[in-house]
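The values are calculated or read from the model by the stated rules, or taken from the named source; none is laboratory data. Worth saying up front: this structure is predicted, and the values here are computed from it rather than measured. With ideal geometry, Cβ positions are generated from the backbone for all residues, glycine too; neighbour counts draw on all protein chains shown. Surface areas here come from the heavy atoms of the whole protein model, side chains and all, with no ligands, DNA or RNA. Shrake-Rupley method; radii C 1.70, N 1.55, O 1.52, S 1.80 Å.
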Amino acid sequence: MFLFLVCLQEYPYLCKRNVKSDASDMNNDIQNHGGSEFSAQSRLNSKNVILVDADYVDKVAFNLIVNFERMIGRRIPQADMAKWIDCVALDGGIREGEHETQVVLIHSKEKIRMENFAPGNYEEELTGKAFKDHLGEFVINAYPTEDVVSGEQQFIDTLQTICDQKEVKRVMVIPNTENLNIYNKVRETLHHVDDDEKRITVFTMQPMVGGNFRQEILGYSLMAALGIRSEELNCK
């Protein structure tokens, strides 16, 4: 069952976002309208968006590292950010081609980096950066929140803003599913999305109550990014 996790491709380092003029314009649209916050006025020219609760994903990655180091008896490195994004994109339905995908990382103001990902520093290594591979170009931006309450609402508001935009056809959402209040708000928000052309995928660590969206298991993409191989699991 884990065979699809094995990925042989080498991923490029993230580059500054201005390597391509047309896509950099897309990035500037978001930054100019929202500043440090993804706002209701933000516009997306990309058809694909990955929305991430970065604090939660970083926590899950840490737990996987600790548990699997015990299980398979070796050190597990930080998760490869580009590889993880690629795996999420594949699980969300993106296939090989010249696609453009926005990656929106929502994180608490106190956190300056994702400790269990490489690269992981929001300001220096992620915001305004991009990489390109067989799935197209991925543009990354991180948006800090003031506190837990505003962070939860900002995530929901950002999801609503993304879903409201006709240009967006594929949405991949990674919320904090350990918080049932957040998950139920995500379900409620997506329940009101009335667009048959939108493919929405919510990533969870275990099967949850469904809704107007597809579900995928978050752990699979993280295990791939952490370099955990299927044969290591099969022999345990």
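Side notes on the structure shown:
- Boolean, GLU125 is of a type in the set (Asp, Glu), in contact (Cβ under 8 Å) with a residue 60 or more places away in the chain and open to solvent by less than 40 Å² (accessible area, probe 1.4 Å): no
- Of the strands (runs of 3 or more DSSP E) lying entirely inside the stretch 90-187, those carrying at least 2 residues that are in contact with a Phe, Trp or Tyr (Cβ under 9 Å, 6 or more places away or on another chain) and β-branched (Val, Ile, Thr) are 100-108, 136-145, 170-174.
- Top-ranked residue in the stretch 203-214 [being assigned to a strand (DSSP E or B) and open to solvent by less than 60 Å² (accessible area, probe 1.4 Å); ranked as nearest to ILE174 (Cα to Cα)]: PHE203
- Taken over the stretch 53-73, the criterion of being in contact (Cβ under 8 Å) with a residue 24 or more places away in the chain and over 14 Å from MET205 (Cα atoms) is satisfied by ALA54, ASP55, ILE65, PHE68, MET71, ILE72.
- Criterion (closer than 15 Å to ASP53 by Cβ, open to solvent by less than 60 Å² (accessible area, probe 1.4 Å), at pLDDT 95 or above and not hydroxyl-bearing (Ser, Thr, Tyr)) met by exactly one of VAL88, VAL139, VAL168: VAL88
- Of all residues in the stretch 53-82, those satisfying the criterion of being open to solvent by less than 30 Å² (accessible area, probe 1.4 Å) and not aliphatic (A, V, I, L, M) are TYR56, ASP58, PHE68.
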